[in-house]
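The values are calculated or read from the model by the stated rules, or taken from the named source; none is laboratory data. Quick caveat: nothing in here was measured; it's all calculated off a predicted structure. Here the Cβ positions follow ideal geometry from the backbone for every residue, glycine too, while neighbour counts run over all protein chains shown. We work out accessible area using only protein heavy atoms, side chains counted, and drop any ligands, DNA or RNA first. Shrake-Rupley method; radii C 1.70, N 1.55, O 1.52, S 1.80 Å.
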Amino acid sequence: MRILIGVQGTGNGHLSRCSALAEALSNYPDIQVQFLISGREKSQLFDMDAFGDWQWRQGLSFVVEHGKVNLFETVRRNQWQQFWKDARELDLSDYDLVVSDYEPITAWAGRLQRKKVIGLGRQYAFYKPTPSLPIAAAHRQMLRWFAPADIAVGMHWFDDATHVLPPIIHHRGRDAVVRPRHYVVYLPFEPLAAVHKLLQPFENATFDVFHPQAEQREVGHIRYFAPSRIGFAEAVARAEGIISNAGFETSSEALATGKKLLVKPLAGQFEQVANAECLERSRLAQVMWSLDTDAVSQFLQLQKGNYCRWPNVAQAVAEWLSDGAEEPVHQLSARLWQRTEFEDYMECLKSY
């Protein structure tokens, strides 16, 4: 069996999730997997060993300026002619399955060639109504247009729709002793100077900051690092909590390891806003809607985080794909949610 998996490279969460899936699929020697990555310059991709001999295309991405999505510049700067050329020329005839983790070239190639596409990932939780993730109808339609799929397999923290699975967690960091009052900070869309200003007053805590503009250095109680998925995972293992944008994968990794979590959604990105509202309503995380020292102060005073025990979803999805993805999604979803444990799970659900 040959499987093509398209990965949206704009966010590290997509790459982390698909790295875990790639490792799980490697246990099936009869399956040949080809990965196609788009949405980020090839030179800016890192920790890509799990994807083997992967392909790259320009794809589409959002333009973020000053911590906010700029829709006008997003439309203006994307190379639309190249995108449609790549979608038309991507030959899917040799593949038995086509999977898109919100990667638009593989998704549109499937649509143009009338090849069934499986949409797998967080964005596909919004593909159909999900009670704890309300979004505007126009936003749902835009999600469906960006990377269309015939079969939607979303991911979510709660079992409140038949098309969603628990998160795929990539367990990469080694076990480590947690350092009290030590935190990992990942706010890649905020200016680095603004992140430093936010953390500087809290000299009784230490912070490991991962940021695209950072070089490795130490400034008082703050250490800076360039992005690294392995380095980030190892830092999280040592941390008491995480301060991050409201991306799904980082939030899920915090919850899967019982870390305190403070999120700041990317302004103008409705998925992150929906994530933040869901986390806040369910009391799984604290939320700040701007870079707010008072919010950070309250977060540092929290005694503990929430701990969510999810099954090995990567392995279950790899097995599902190896069987040709013939099992209906609602049955796969039910099987996995039956194996999920939450501390105070029922209390969380009462928020809805």
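Among the residues of the range 109-131, which ones are among the hydroxyl-bearing types (S, T, Y), touching a Phe, Trp or Tyr at 6+ places or on another chain (Cβ under 9 Å) and either more than 20 Å from S19 (Cα to Cα) or free of Cβ contacts under 8 Å to residues at least 24 places away in the same chain (or both)? Residue satisfying the conditions is T130 alone. In the range 113-153, the qualifying residues are those that are crowded, with 21+ Cβ neighbours inside 10 Å and aromatic (F, W, Y), and the one that is farthest from the chain's Cα centre (by Cα) is Y127. Could you please let me know if S297 is at pLDDT 95 or above, surrounded by fewer than 19 Cβ atoms within 10 Å (Cβ to Cβ) and out of contact with any Leu (no Cβ under 9 Å at 6 or more places or on another chain)? So S297 passes the test. Touching a helix residue (DSSP H, G or I) at 6+ places or on another chain (Cβ under 9 Å), surrounded by 19 or more Cβ atoms within 10 Å (Cβ to Cβ) and modelled with pLDDT of 90 or more: is that true of G6 in this structure? The answer is yes for G6. For the range 43-59, give me each residue that is of a type outside the set (D, E, K, R) and out of contact with any Pro (no Cβ under 9 Å at 6 or more places or on another chain). Selection gives S43, L45, M48, A50, F51, G52, W54, Q55, W56, Q58. Taken over the range 20-50, the criterion of being in contact with a strand residue (DSSP E or B) (Cβ under 9 Å, 6 or more places away or on another chain), at pLDDT 95 or above and open to solvent by less than 30 Å² (accessible area, probe 1.4 Å) is satisfied by L21, A22, L25, I31, F35, L36, I37, S38. Restricting to the range 84-112, count the residues that are out of contact with any strand residue (DSSP E or B) (no Cβ under 8 Å at 6 or more places or on another chain) and surrounded by 15 or more Cβ atoms within 10 Å (Cβ to Cβ). Within the range 84-112, residues that are out of contact with any strand residue (DSSP E or B) (no Cβ under 8 Å at 6 or more places or on another chain) and surrounded by 15 or more Cβ atoms within 10 Å (Cβ to Cβ) number 2. Evaluating W56 against the criteria (1) surrounded by fewer than 22 Cβ atoms within 10 Å (Cβ to Cβ); (2) part of a helix (DSSP H, G or I) leaves one unmet condition, (2). Exactly one residue among S290, S228 is of a type in the set (G, A, S) and either open to solvent by less than 20 Å² (accessible area, probe 1.4 Å) or in contact (Cβ under 8 Å) with a residue 60 or more places away in the chain (or both), and that residue is S228.
With respect to the stated conditions, Q315 is farther than 26 Å from H182 by Cα, among the polar types (S, T, N, Q) and part of a helix (DSSP H, G or I).
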